[in-house]
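Shown next, in structure tokens, is the structure this report addresses.
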Amino acid sequence: MQLIEQVVELSAALQVERAAGRRVGLVPTMGALHAGHQSLIERAASECDLVAVTVFVNPLQFDEIGDLAAYPRTLAADVAMADAAGASVVFAPPVAEMYPGHPAPPATTVHVAGLTDRLEGSSRPGHFDGVATVVTKLLAMAGPCRAYFGEKDFQQLGVVRQLVRDLCLPVEVVGCATVREPDGLALSSRNSRLSPDERRAATVLHRALQAGAASVDAGERRAGQVRAAMASELGREPLVTVDYAEVVDPRSLEPVDEIVGEVRLLLAAAVGPVRLIDNLAAVRPAAGDVPAGRADDDTVADAERIGV
Ligand code: AMP
């Protein structure tokens, strides 16, 4: 396991690997690694000859200075976990290495239009410019053939796919399923900042997604009803303040009115001082597959049962 801090050193080390015909996999992270990150590294190790994990708390993607300051930093444990999961390189650069001149903003940044206008983009101004810029830089430095990202950050995954397409970057983006705690809470580095009460309350995010998905799976076609089902579930938890609970097209991330086929349920909420996001796929069965006796009128009764 090599721990690298300098950009030139990373590029040189991985250039040697590529020249020897080895497939490089890249797993970008902000550290405080947990089993979700571990699953990405293990998948990369199973599909590539060499895995580089990046650990960089990217100041450009934080819209709140307090959130950046409070972000957990656990490099020694991260290196051990990356090593155990099959990584060969951990790249953990200082901020000045990634952004010479910081805190002055870099002259060149990457903006992905459209996809970033909504959801996290509107709640966190500048966030996705920071993500797109750092991911583009990391891909340029490492030159991987595959880069691994979690569906946990579903909009981010869409933004990365879009920038790779638009900039013709020679890398395959691999999306990986969300790893959850046994009670459904999606693993997140931010979970460590939850108090015991907040940690218990945070499980409502997954329950809300499940309530929304259950109504879609049962044939609900009105996205408004599904949003209401999620909001109602979230409303049961006084420690939780909802930012958004949305039903969107899984590719464009545009809000949907009428559900046909697959949608993505996305939500963001503050649990005490910690902002969490989560999402789930849901598929409305084709008309002929909706269970007998479940006409559209039934969905009103369904929504009532769910608690709208
Ligand atoms: P982060 O360190 O939070 O920036 O995350 C680094 C990568 O790990 C991103 O691609 C995330 O989507 C992914 N990730 C974070 N949490 C999870 C999780 N619970 N399951 C799967 N992937 C995750």
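Annotations
- Converting phi to 3J(HN,Hα) with the Karplus coefficients 6.51, -1.76 and 1.60 and the offset θ = phi - 60°, the stretch 30-38 yields 10, x, 6, 5, 9, 5, x, 4, 4 Hz in sequence order, with x at every glycine or proline.
- Fewest-first ordering of His37, His102 by other beta carbons within 10 Å of each residue's beta carbon gives His102, His37.
- Residues with amide H under 5 Å from that of Thr109, placed H, sequence gap 5 or more: none
- Taking Lys and Arg as +1 and Asp and Glu as -1, the other residues whose beta-carbon sits under 11 Å from that of Arg180 total -2.
- Seen against the Cα atoms of the chain and their longest principal axis, helix 127-142 is set at about 40 degrees.
- Helix-only [θ]222 nm of the chain, DSSP H runs n ≥ 4, -39500 (n - 2.57) each, per residue, nearest 500: -12000 deg cm²/dmol
- Net charge of the neighbourhood of Ala84, taken over other residues with C-beta under 12 Å away and scored Lys/Arg +1, Asp/Glu -1, is -3.
- Of the residues Gly224, Val271, Leu209, the one whose Cα sits farthest toward the positive end of the charge dipole of the stretch 189-286, with +1 on the Cβ of Lys and Arg and -1 on the Cβ of Asp and Glu, is Val271.
- Put simply, the C-alpha atoms of the stretch 2-176 give a gyration tensor, and the ellipsoid matching it has half-axes of 24, 18, 17 Å, longest first.
- Candidates Ala287, Ala147, Ala245: whichever shows maximal mean-square fluctuation once the chain is modelled as a Gaussian network with Cα springs under 10 Å: Ala287
- Of the GluC sites (Glu not before Pro) found in the stretch 240-271, no site is in coil according to DSSP while having at most 15 other Cβ atoms within 10 Å of its Cβ.
- Antiparallel beta bridges, as assigned by DSSP with both residues in the chain, represent about 50 percent of the total such bridges.
- Here the 3J(HN,Hα) profile of the stretch 200-205, calculated from phi with Karplus coefficients 6.51, -1.76 and 1.60 at θ = phi - 60°, is 5, 5, 5, 5, 5, 4 Hz, Gly and Pro shown as x.
- Cα-Cα pairs of the chain separated by more than 26 Å (percent): 49
- Under the criterion of Cα pairs below 8 Å and six or more residues apart, the relative contact order for the stretch 1-135 equals 30 percent.
- Put simply, the amide H of Asp243, placed in the peptide plane, has neighbours under 5 Å in Ala268, Ala269, Ala270, leaving out anything fewer than 5 places away on its chain.
- Remark on Glu262: its backbone amide H falls under 5 Å from those of Arg284, a criterion applied only to residues 5 or more positions apart or on other chains, H modelled at 1.01 Å from N.
- Evaluating 6.51 cos²θ - 1.76 cosθ + 1.60 at θ = phi - 60° for every residue in the stretch 182-190, the Karplus couplings come out as x, 8, x, 4, 5, 4, 8, 4, 6 Hz, glycine and proline recorded as x.
- Exposure proxy order (Cβ contacts within 10 Å, fewest to most) of Ser122, Ser188: Ser122, Ser188
- Farthest positive-ward along the chain dipole, Cα basis, beta-carbon charges - from Asn191, Ala287, Pro59: Pro59
- Relative contact order (%) - the chain, alpha-carbon pairs under 8 angstrom, separation at least six: 16
- Among Met230, Met141, sorting on how many other beta-carbon atoms sit within 10 Å of each Cβ, with the fewest leading, yields Met141, Met230.
- Candidates Gln15, Gln156, Gln210, ranked by Gaussian network fluctuation over the chain, Cα under 10 Å, top entry: Gln15
Computed from the coordinates by the stated procedures, all read-outs in this text should not be read as laboratory data. Worth saying up front: this structure is predicted, and the values here are computed from it rather than measured. Note that we place each Cβ from the backbone using ideal geometry, even for glycine, and neighbour counts take in every protein chain shown.
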